[in-house]
Structures are given as C-alpha cells and as structure tokens.
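To start, the structure itself, in structure tokens.
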Amino acid sequence: MDSWDAVEILLVEDNSEDAELTIRALKKKNLANRLLWLEDGEEALDYIFCRNRYAERNIDRPPKVILLDLKLPKLSGLDVIKAIRADDRVRKIPIVIVTSSREDPDIQAAYDMMVNSYVVKPVNFDQFFEAMSSLGFYWLLVNQPPK
Amino acid sequence: MNTNRQRRHPEHKDPATILRVWIILCVLLAIGLPAGVIWYYQQDTRKTREEVYSELDAIAMLKIKQIEKWSQERIGDSVLLSHDTYLIRTVEEVIEHPDLPGPRQYIIGRLNTMEFQYAYWNVILTGTDGKVIASAAGKMKKLVPVAQENISRALSSGSVSFSDFFQRPGDDRIYLDLVAPMKNAEGKAIAAVILRIDTREYLYPLIQWWPSSSSSAETLIVRREGDSVIFLNELRHLPHSALKLTVPLSSGSLPAVRAIQGYTGSYTGYDYRDVKVLADIRPVHGFPWFMVAKVDYDEAMKIVRFRTAVVALITLMALMLAVVMTGYVYRYRQRNLYVELYNTESALRQSEELATAIFEQSPISKWISDSDGYFLRQNSACRRLLMLRDEDVVGKYNLFKDELLISEGLTSLIEKVFKEGSVVRYTVTLDIRRFSSDMQGSPVYRTLDTTVAPIRDESGLIKYAVVHQIDVTEQKEAERELQRTSELLRGIIESSPLAIYTFDRDGLVMSWNKAAERMFGWSESEVLGRLHPIVTAETVDEFNELKSLVISGGKITDREICRVRQDGTPIHMSISAAPLHDEKGDTIGVMSVTIDITERRQAAEEIRKLNAELEERVRERTRQLEETNRELEISNRELESFSYTVSHDLRAPLRAIEGFTRILMDDFGPHLGEEGSRLCTVIRTNTMRMSQLIDDLLAFSRLGRASMHRHSIDMTAMAEAAFYEVVPEAGRGAVELHIEKMPFAKADRALLSQMWVNLISNAVKFSSKRERPVIEIGSRMDGDEPVYFVKDNGAGFDMKYRDKLFGVFQRLHSQKSFEGTGVGLAIVHRIITRHGGRVWAEGEVDRGAAVYFTIPDEEVAHG
C-alpha cells in the first residue's frame, strides 16, 4: 500500500482465518484493493488518530468504513467504538460490527454507541461470502460517506 | 293622603271676586281717565293762557316803549331845528325879506340835511299862517288842511306836538307830522318846523313786527273817533284797512273797543274777524292811541290741544296696554289654574287608582269592614284565599257577629280597633268554606294570621278597618314538622352510642348527649355552658388548634386524640368534627362525634407488636433470599459470559473449517478425487451440525435468563400460527391437522410461541414418514385445569425412555432417520416449567406420540 491515506476499508480482526476469508470474499468482488487489516484495537486507534506508526497519516482522509470485530486483544471492539465516537474529528466514520456473536448485550451496546451496522458472520461459507461481499459493495459503492 | 292633597292645592281667589274687582277697576278707569284728561286740559289751558298773556303783555310793553322812544327822538330832531338860533335868525331874515335868495338857500340846505340824515319823508318850514316857507329839496309847496290844523294847534300850545295819521289826496301813504313852533329871541312864534314821517317806512313795521313766528299774532293801534274805533295801522288779516276800518263802540267784546273804553291788561274776546283771541290792551303815552297785542285763541291753544291729545293718547295706550297685559296675565293665570287643577285632579285620580291597585293587587288577603263591622269590599287575594263571593259577604258578614271570633273571645279585642285605634293581631284556624252558600266536600281548614288595623278619615275618625289575612297553614305545618324532625333528631342523638356534643366558639359546651355522659363521666347538667371538661392543661393547645381549624371551615375526620375522663383515666378516642352554622351561615361553634377507641387501641397495640416480630422474621428471610439471589445473579452472569464465549469462540473455528474446506473443494477439487470430495463434504456437514448445536444450546440457555411477561393468550390461534410457520405452504396439503378450540392461557407470548413451534415441528418431523400424517391439537379438562396436547401418528417412542425425552441433546432416533439436535423438547420442558406447568409425553413405537402440558393461571414456581 503506497499511502495509509488511500485506505477505504479498515478491517479490524484478530482471527486471521476470519480475516483471510473476509478479504477473500471482498477480493472476489474486487472490493479489497484498498483494504487495511489490523489485528487489535490499539493499533486500530493508532491508525484512526494518526499515532505512532501512522503519525504521518492525514486524519482528514478517513476510511470509507471500518469493519470491526468485537472480541479483540488489548482493547475490545466496544472500546474502539467509544474512542472514535468521542472525538469530533473522526466520529462520523461509518463503523460496521462484524462478529460471530449474536448475543443481545453486544448488539445493544454497539447500537448504543451509534454503530452504523451489526453483522453476524455466518458459519456457512456461501452465506459468509454473500454477507461480506454485499457489505463491501454497499459501503464502498452505494453509501455516500460523510464529508 | 287627604291632608296631602289639601296641601298640594294652590290658593285661588273666587273667580267672581276677581271679576268684580276687575269691573270696578274698569269703571274707575273709564271715569277717571277722561276726567284726568279734562283736568289736565284745563290746567294746561289756564297755564298756557297765562303764558300767552304774559307774552302779549311783554310784547305790547316793548312796542309801546319803542314807540315812545322813537317819538322822543323825533321830538329831539324837531327841537334841534326849531331852537337853532342861526336858523331862527335866518328864518326871520327870510320872513323880513322874502326875496333874498341867500337865507332861503341856507334854510333849504338845513332842511335837506335833516331829511337826509334822519330819513324823514320831508322836512318843511312854514309860517305861523301855515304857508310853506321852505321844504327839503323844495318838494312841498302847500300843506293839506289837516297839516295846517296841526300847525295852528302846535303854535297855540307853544310846544312840540304830533299830528294824527293822515293821508294826502291822491296819495296812498299815511303820514304823521311832528310840528315844532319856532320862536324868536322875544319868545314869539315866527314859524313852525314840520318833520313829516311816512308811517309805512318807520312806524308800521315797528308796530307790525312780532318777536316770534306766529300765524295769527298781530299788534294794532286804535284811536277813538266819535262813537267808533278806528284802526290806525294796516291789519294783518285785513289789507288796506289803515285809517279805513272803524268799529262802533257798541261791539263790546272787541279788544279794540275795550281799549277805547279804558280797559288795560289781558283780555279774551273776539276781534274784527269775529275770531276768539287772547289780547293785551295798553294805552300809548303821548298819543291818543291804544295798543292791542293779540293772538288767535286757537293758535295759542293749539299746543295745549296737541299736548292734551298726546297725553290722552299715551294714557289711552297705556291703559289699553294695561288692559291687554292684565287680560293676558289673567288668562295665563287662569290657564295655569286649570292646568294645575287638572294636574291635581289627575294626581288625585292616579293616587286613587294606585290605592285601589295596591289594595286590589296586594298579594296579602285584605278586606275592609265599616265601623259597624260590616264587610265592605275585598281584594283578589282575599277572594282567592277565603273563596268569598262578594254577594255572600258584602253587607252581610259582620265582624262583631262572627260566632267563631266570639267563641275565641276575640270580638272585644277587635272592637278596640274602632274604639281606640289600636292594631289587633290574632291567629285563627277556620274552615274556609263557611261563607260559601253551597258547602260541599270535606272541610278545608286554614290557619290565618290576621291583622285588623283602623283606617281614619281626614278628620281622624275611625270609619273603617282593614283586615289583613295571611295563610300560615303551611308555615304552622312546617313548624310542627320541624318540631317532629328536631325531636327525632334529638332522639337519634340521645340514643346514639357515639358521644355527640357541641360547643361554641369559646369552647363552652352547648349540648352533650347520653353517650357523652357515659363516655366521659360528666352529666349534661354538669357541663352545659362550661368549658369543655375533658380538655386538660396538656391538651388545651391541641384542642384550640383543632377548634379553630373547624371554625375556619375545616373538617376533622377520624382524628385520634387522647383526653381524660372525669375519673382521671385517659381515654383514646377518634373524633370527627364539623362547624355548626346558624341560619345566616355564620359559624357559631363545633359539633363533634366521638368514638371511644381505648380498647381498640390496646388490641391494635398487641397486633402491632406481633406484626413487628413477624416483620423481623420476614426481614431475616428476605436477607437469606437476597443472598441466594445474589449468588444466583453471579452464576447467571457467569453463565452469560460462558454463553458469549461459546457463541463467539466456538463458531469461529467452525467457520474456518467450513470456509477452508470449501476453498479446498473449489480450488483443489480435481486433485482430491471422488473419495476426497466426499470426505470434504462429511467435514462440512459435521461443521454445520456443530454450528446448529451451538445455536440451539445458546437458545436453550437464553430461555432461563429471559424475563417473562404473562398475558392472556388465545392458544388456538397461536397453535394455528405455529403450524403455518413450521409447515411451508407446499407441504400443508400432505398433513391432516385437527385443531380444537382451546381455553386461553396466561403466559409469556414469545416463550409460548416458541414452545408451540417446537412441539408442532416435532410432530410434523416424526410423522413425515407416514403416508397420511395426522396431527391433533387440543385440550381436555383435568379438574379445573386445562391440559393441552399435541398428538401425531408418527414414529412414536418407547415409553421406557420417556424420562430421557425432555433432556438436552437427548435423542431417541438416529440422526439418519430424523435430523435434530435433541434440544427441541428440552426447550419445551424448560418453557413449561418456567410457567409453573407440567409436561409429559405418551407414545408407542410406530403408533405416534402425544405431548401434554398444563399452564397454571399464576406463576407457582420458577422453572
């Protein structure tokens, strides 16, 4: 990737298999060209807020969507959402929760923090592919990001 | 009213008197006014005459004086000539030498000077013989005889003398000669100087001149001539009369005659024209003349007549004005009189109408009796009240002969009305049909509050009495009713087991019932009018507070207070109090109803103690329960966390296995071969089952945690809905479904719906291998409790395994014969037990199965 600023999809996922399957699904639809995969919440925040490794990134060029797993090492997904939504510069970035859990408290907590969507990853491969590719299609091509 | 009416009457004189006065006034005026005018005329005439006389007198005197003065001057002139020594000598010279021209010329010159200087007609010098010696301008040659007589008379008298008026033949002029004898030094008359005067030029104007303008006034000079009077000058009213007109002396009333006869002064007579004149008569000294100054009586009196006419006219006009004014004033007063009379009459009429109307329309029954007690008239209220017909009572009924009144002893009282003028009031009860001639039906008794009052005439005599009667039957009835009611009320209060008492605003007891006597120990007679006895020094503040609360309009209901009885023991009581109002609505005190709750309080105290103990035990139990709950909560939270981990962490590897196996098949399918592909499929199938197991397990574990809300549920409708959900539309024709009408159940909608879905899908699944699957859904009653069931004709089960039927992951059939995780019935069991119900199954292998369950109305225990 030439520049961190060209990222359109930020995938935050600690499970590398899931990440691979997700990227594979998006690639099949040619949607993963500008995808950055990070493995924990802290690094995700470093990227979003242009810290440490990403200090030279321009904060005014956010990704079009963040695909976020809730169960992450170090900082949990909910902590990441909370940090983003608390900062005026980045709070408008669309966040889609992509997780295995369909447990009520998570859904409830995520929506309370104004996430834009909540998707449960299906175990069935066809369903998973369908879900991921339509997700990418929607957020990259259909949705109009905030200015 | 009569006195008022009189007072309002204005004081009027009798019209006849006014007329009489008026006539007398007119007569007096008719006589007095002409008399006054005449008197005025006479007065004015007299005064005017005197004025005229004095004027005439003055004029006459003036003229005489002027004539005399004129004559003196003329005499002076003559003396100047006749005594001139040089002239005398010259005349002697001429007489001596008549031919000498010189002296004659001198004489003529002197005579000319005289004539010219004093405007004489001529100045002549004659000899003693009367022959002319010389004359001014030489005009005169010979004298007329009259003139010669004058000369001889003057010479013989030796003094200057005037001639009479005379005329010369052939000459109209009237002359007057003044003759002065001229004497020589020895005193011998030698000549005569004659100054001839033309009277028209000097004397007549003097005589005829009048100092004021007048149409008739004139002055004339007369002289006696024999038995006649001759008028010497030109008369104003008779031209060319000078020396020609003569009047005989016998015409006595002529002023000229009177003058000749020696009368001097004012005189009223008739002049030569026979016109009445006012005249002044005077002799002229030095001449044989008499002067008469006169003016026509009519002219002199014209002003008087004018003035009198004016005065008469003004007086007449004033009189007429007065008459008109008086007439007008009279008419005006007369009209006012009639207006006032009319007003008075109409006021009188109105007041009578008013009085009649007041009497007639009064709502109070009234009738009028004369002084003998006889009924005179009644008003409409009386007709209505007593139902009296005028023909039955007017002039017939007598107040003093009414037997009812006599028997009640009221007659003598009523007589006082007429005798003493007092007002009498009494109440009688009578049958009002007594006066009607046709008494029918039952008596109608009325109680009448009756007032008899005197009516006086203007002189103060009592001529009538008015009898007011007010029907107080209902009032009396109401009073009796009130009395009955209050006796009843009193009875209730006295027999009440509650202490009922009242006290006034100061706290003084007004009433005290028997229960109060029993409750507090004081009898009514002990407390009436005293301060409320149960209030002690400790409770007086509370008492006052409650009292003022109630007096200010508040109410006290079941307030529990403590007071002290007469014997000193405390009494607990519950009071209810309300303000007492008088008829005006003012608060006059407090009414209190009291219950003795001393015993009740003691009982309540015991109960309270027991309750306290109980509560302590409950609290202890609650603490234990709360602890258990806390433990439960903790374990619940752990369970939740566990479920989450299962949900999240177990599914991720499954997804990887599934995903990558699929990728393996897609990408390397040709290399795997047929067996390899089959094995991949086995992996994927098992992965999916694992995923399903996890989902079911999670759903099962969620059941225990979800909160429950019970509603009344139509079980029939819910079972039907579940069937339609479970069986796709295409498969519905294959299944024979019988749903009976089932009783409603009180349960959680979501849980129960899940239960029906699970039961029906089980039934459908296990009967799916039958040619004709039959599913029956219904209920039966077990005592009061409905037992719902779902039956199928499917694979059934062996009853010896029925205990395992509802366990988690327990399956009685192979995965191959019937798919499933073995959680469905476990969930059913969990839901029913959470509702406190029972669930059981009956079945036989290949003969179908039936699941029964109950749902109690209320929750009995948690599952």
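The values are calculated or read from the model by the stated rules, or taken from the named source; none is laboratory data. Everything numeric here is computed off the predicted structure, so don't read it as measured data. Using ideal geometry, Cβ is built from the backbone for each residue, glycine included, and neighbour counts are taken over all protein chains shown.
Hey, can you tell me all the residues within the stretch A:118-147 that are assigned to a loop (DSSP other than H, G, I, E, B) and touching a residue at least 40 places away in the same chain (Cβ under 8 Å)? Give the steps one after another, and end with the answer.
Here is the first cut: in the stretch A:118-147, the residues assigned to a loop (DSSP other than H, G, I, E, B) are A:121-124, A:143-147.
Hits for the stretch A:118-147 are A:121, A:143, A:145, A:146.
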Does residue B:246 count as more than 22 Å from residue B:200 (Cβ to Cβ) and hydroxyl-bearing (Ser, Thr, Tyr)? no
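Among B:521, B:441, B:460, B:491, which is over 21 Å from residue B:381 (Cβ atoms), surrounded by 14 or more Cβ atoms within 10 Å (Cβ to Cβ) and not aliphatic (A, V, I, L, M)? Give the steps one after another, and end with the answer.
Values: B:441 fails: surrounded by 14 or more Cβ atoms within 10 Å (Cβ to Cβ); B:460 fails: surrounded by 14 or more Cβ atoms within 10 Å (Cβ to Cβ); B:491 fails: surrounded by 14 or more Cβ atoms within 10 Å (Cβ to Cβ).
None of the other options fit; the residue is B:521.
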Breaking point among (1) buried (at least 18 other Cβ atoms within 10 Å of the Cβ); (2) under 30 Å from residue B:106 (Cβ atoms), for residue B:89: (1)
Anything in the stretch A:63-80 that is closer than 12 Å to residue A:7 by Cα and free of Cβ contacts under 8 Å to residues at least 60 places away in the same chain? List them, or say none. A:63, A:66
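One residue is enough: does the stretch B:180-187 have a residue meeting the conditions touching a residue at least 60 places away in the same chain (Cβ under 8 Å), closer than 19 Å to residue B:244 by Cβ and over 60 Å from the mean Cα position of the chain (by Cα)? Step through it out loud before you land on a result.
Kept after step one, since they are touching a residue at least 60 places away in the same chain (Cβ under 8 Å), are these residues of the stretch B:180-187: B:180-185.
Now narrow it down to the ones that are closer than 19 Å to residue B:244 by Cβ: none.
No, because not a single residue in the stretch B:180-187 is touching a residue at least 60 places away in the same chain (Cβ under 8 Å), closer than 19 Å to residue B:244 by Cβ and over 60 Å from the mean Cα position of the chain (by Cα).
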Counting just the residues of the stretch B:694-710 that are within 12 Å of another protein chain (Cβ to nearest Cβ) and within 22 Å of residue B:655 (Cβ to Cβ), which one comes out surrounded by the fewest Cβ atoms within 10 Å (Cβ to Cβ)? B:699
The residue that is nearest to the chain's Cα centre (by Cα), considering only those in the stretch B:654-664 that are at the interface with chain A (Cβ under 8 Å from one of its Cβ atoms) and within 30 Å of residue B:702 (Cα to Cα), is B:655
Could you tell me which numbered condition residue B:367 fails, if it satisfies all but one of (1) of a type in the set (A, V, I, L, M, F, W, C); (2) free of Cβ contacts under 8 Å to residues at least 12 places away in the same chain; (3) not in a helix (DSSP H, G or I)? (2)
Picked from the stretch B:625-652 (must be under 23 Å from residue A:17 (Cβ atoms) and at the interface with chain A (Cβ under 8 Å from one of its Cβ atoms)), the residue surrounded by the fewest Cβ atoms within 10 Å (Cβ to Cβ) is B:649
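So which residues in the stretch B:665-693 are within 11 Å of chain A (Cβ to nearest Cβ) and free of Cβ contacts under 8 Å to residues at least 24 places away in the same chain?
We begin by selecting, within the stretch B:665-693, every residue within 11 Å of chain A (Cβ to nearest Cβ); these are B:665-667, B:684, B:687-692.
Once the filter is applied, which keeps residues that are within 11 Å of chain A (Cβ to nearest Cβ) and free of Cβ contacts under 8 Å to residues at least 24 places away in the same chain, the stretch B:665-693 yields B:665, B:666, B:667.
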Taking the stretch B:665-693 on its own, how many of its residues are under 29 Å from residue B:830 (Cα atoms) and surrounded by 13 or more Cβ atoms within 10 Å (Cβ to Cβ)? 8
Hey, does the stretch B:468-482 have a residue that's surrounded by fewer than 16 Cβ atoms within 10 Å (Cβ to Cβ), without any contact (Cβ under 8 Å) to a residue 40 or more places away in the chain and farther than 30 Å from residue B:451 by Cβ? no
Among (1) surrounded by fewer than 12 Cβ atoms within 10 Å (Cβ to Cβ); (2) assigned to a helix (DSSP H, G or I); (3) modelled with pLDDT under 85 - the single one residue B:321 does not satisfy: (3)
Quick test for you: out of B:717, B:722, B:750, pick the one residue that is within 14 Å of chain A (Cβ to nearest Cβ), part of a helix (DSSP H, G or I) and among the aliphatic types (A, V, I, L, M). B:750
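From B:358, B:364, B:406, B:368, grab the single residue that is within 45 Å of the chain's Cα centre (by Cα), among the β-branched types (Val, Ile, Thr) and over 13 Å from residue B:467 (Cα atoms). Write out each step before concluding.
Numbers: B:364 fails: over 13 Å from residue B:467 (Cα atoms); B:406 fails: within 45 Å of the chain's Cα centre (by Cα); B:368 fails: over 13 Å from residue B:467 (Cα atoms).
After applying the criteria, what remains is B:358.
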Go through the residues of the stretch B:607-622 one by one and say whether even a single one is within 14 Å of chain A (Cβ to nearest Cβ) and over 60 Å from the mean Cα position of the chain (by Cα). no
Within the stretch A:118-147, the residues that are within 14 Å of chain B (Cβ to nearest Cβ) and basic (Lys, Arg) are A:121
